[in-house]
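Chemist: Before anything else, here's the structure in question.
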Amino acid sequence: MNWRKKLFALILCLSLLANIGMAIGYTIDTNTKERINDNGVKATPPGWSEDVRLTYIQEISGFADIASESDNIFVVWKDARSGVYEIYFKKSENGGLNWTPDAKISAFTPSPFCYPQIAINGSQIHVVWEGLDITREVHYRKSIDSGETWNPEVRLSEDDGFHSFDPRICVVGSNVHVGWSDKKDYPPTPGVEPEIYYRNSTDNGATWNPSQRLTFYTDADGIGGIQANGSKIHITWARWLIKNEVFYMNSNDGGITWDPEQQLTPDNGIDTGPYSIAVWQDNVHLVFGEQSEVYYINSTDGGNSWNPSIRISNLGNSSISPDIATDEEDVYIVWQDNRDNYGYDGAYEIYYAYSNDSGTTWSDDIRFTYALNGSGAPTICANNSMVHVIWQDNRTGGIQDIELYYKHSPDFPDPTYNITLNEGWNLISTPLIQRDESIDNVLENITGKWDYIQAYDSINGTWLSNATFKPDQLNDLKSLNHKMAFWINITEPGGTVLTVSGPIPDSTTISLYAGWNLVGYPSLTTETVANALWGTGADKVEKFDSLAPYRISEVGPTYVMKPGEGYWIHVPADTVWIINW
């Protein structure tokens, strides 16, 4: 009945399975730990960012939830870095590019459960989780300043000796809605099986109305999700008949009264769950699992009637733990899936599918991760045409080292760098990694403003060139990368500005051969010659000087090397230059 316990056990199994023999056919990016597939490219879906690691505690970080509004993204999760599971929080204010340090927001409650959920409204952040008092109870905390400070922790369920667990939360304006499973009223014997309870606040969580019991069965009920649109609240749960089936209920008056429940999946003896719900105006979207496959069902009239369910995952593998988000007519589903057995039998990766027409038609399944070892428990949110996903995996190795990772769509824009070019000859380099190293792409914004490029091949001691006035087949310089420097002749009167874009290098290794080498400076951080070339044995460095004979002049150890410049570097013996600043 408690699918979260089963899922938790499953994720632990993913870690243990990581030691099973790895498949061949891929390499690992040393920076992101992402797999690089057999074709030599990172298998990140088009339009999505690369994986961003959010936690670094070498512990189990998991059961995370995420919420976003504009460029602000908020994440809560549980981990046991203190020795017991507690709730942690972090945020990004620039669309997921940078993140604040981890902040603990729960009191010291030695609870193995926790399961945090988050809802936001502007700078108001509301979080619920399971704390352990005498029994499991629903705890709540809020921040009114985007997580900079937090109000005192509040218990929303009664400390009555019966478990209250699996809380869900949503917020619309100043109205905060919370639902959970509670064992206090199970007939005929309290404490045996749970029923669904609901409680709300109409003043941003400052005060709370009494809790309401929503289900009255002799069967067990486990909450799936709660969402609201204006004064209409939607709640879904699992009811145990022959097996778990999906039930739904709504309120049209802000939770004062509730319409009769509806059974959304047939009582056919097939277990369904878990369940996740997303709402946009009158469109209600629900995703659930059935026989290890992902299914979707929706309503276009605010939950009054429901369309037939649609199967989303379409292979005979294990597709589990789905989550759903919507942004106007766009609907997104993520889940964990072991169809690939990559790189060991049974390994899970994250998949997703999307609909651009409110759930009427769906894309094919799209593989989302290629991380070392297994990936699971994805959570998704969407806002302002941005989609954000977090999940957990143990790509860094170790049975207990499960960390949180994040990515979003559309991708982060690549950084750019401007290089001023004077009319005539210039010696330059591109400090950013070029995703497309072809000359036409690298020099795209100065097309027609140059006529000749030369680069030096230090291995063979020869020059390579590319001239716009020569047939292309006679040009032996075809590409430019961030490791090399090159001479370029600018024909634009008064000069121009070259704008290059691409990822910032984390660490670059450049081979230096005995004698002279013409190399770039692949960093955006300036550094003196002495510090930058320490350990290479370099004994001479020359740079571009438009006034010097041959347009180069020697610089001393205190000269500050800069991005965009190219350098002649002389070494007495073969060596390597590592640029990692």
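The values are calculated or read from the model by the stated rules, or taken from the named source; none is laboratory data. The model shown is predicted, which means the values in this text are computed figures rather than measured ones. Cβ: placed from backbone, ideal geometry, glycine included. Neighbour counts: every protein chain shown.
Chemist: Can you list the strands (runs of 3 or more DSSP E) found entirely within region 56-107 that contain at least 3 residues being more than 13 Å from the chain's Cα centre (by Cα) and over 19 Å from SER375 (Cβ atoms)?
Modeler: Fully inside region 56-107 and qualifying: 86-92.
So that you can scan it fast, the table gives a plain yes or no per residue for (1) at pLDDT below 95; (2) within 15 Å of SER429 (Cα to Cα):
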residue	(1), (2)
SER507	yes, no
GLY515	no, no
LEU518	no, yes
THR536	no, no
LYS543	no, yes
ARG551	yes, no
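Chemist: Can you tell me which residue in region 242-268 is surrounded by the fewest Cβ atoms within 10 Å (Cβ to Cβ), limited to those that are touching a residue at least 40 places away in the same chain (Cβ under 8 Å) and of a type in the set (Phe, Trp, Tyr)?
Modeler: Only one residue fits best here, namely TRP258.
Chemist: Which numbered condition in (1) part of a strand (DSSP E or B); (2) within 21 Å of THR44 (Cβ to Cβ); (3) among the hydroxyl-bearing types (Ser, Thr, Tyr) is the only one that THR396 fails?
Modeler: (1)
Chemist: Now for a separate question. Which one is nearest to GLY147 (Cα to Cα), of the residues in region 90-127 that are among the hydrophobic types (A, V, I, L, M, F, W, C) and at pLDDT below 90?
Modeler: That would be ALA107.
Chemist: When ASP160 is evaluated against the numbered criteria (1) touching a helix residue (DSSP H, G or I) at 6+ places or on another chain (Cβ under 7 Å); (2) part of a loop (DSSP other than H, G, I, E, B), which criterion, by number, is the only one it fails?
Modeler: (1)
Chemist: Out of (1) surrounded by fewer than 16 Cβ atoms within 10 Å (Cβ to Cβ); (2) touching a residue at least 40 places away in the same chain (Cβ under 8 Å); (3) more than 23 Å from the chain's Cα centre (by Cα), the odd one out for TYR140 is which?
Modeler: Every condition holds for TYR140 apart from (1).
Chemist: List every residue pair whose Cβ atoms sit under 9 Å apart, with the two residues 6 or more apart in sequence or on different chains, where the first one lies in region 433-449 and is surrounded by fewer than 18 Cβ atoms within 10 Å (Cβ to Cβ) and the second, anywhere, is in a helix (DSSP H, G or I) and not basic (Lys, Arg).
Modeler: ARG435/ASN441; ASP436/VAL442; THR447/ASP440
Chemist: Could you identify the single residue in THR525, THR558, THR575 that is among the polar types (S, T, N, Q), in contact with a helix residue (DSSP H, G or I) (Cβ under 9 Å, 6 or more places away or on another chain) and either in the same structural domain as LEU480 (by TED's automatic domain parsing) or surrounded by 15 or more Cβ atoms within 10 Å (Cβ to Cβ) (or both)?
Modeler: THR558
Chemist: Look through region 57-77, keep the residues that are among the polar types (S, T, N, Q) and either in contact with a helix residue (DSSP H, G or I) (Cβ under 8 Å, 6 or more places away or on another chain) or buried (at least 22 other Cβ atoms within 10 Å of the Cβ) (or both), and return whichever of them is modelled with the highest pLDDT.
Modeler: It comes out as SER68.
Chemist: A further question follows. Pull up region 269-302, narrow it to residues that are in a loop (DSSP other than H, G, I, E, B), over 13 Å from GLN227 (Cβ atoms) and in contact (Cβ under 8 Å) with a residue 24 or more places away in the chain, then point me to the one that is nearest to the chain's Cα centre (by Cα).
Modeler: SER292
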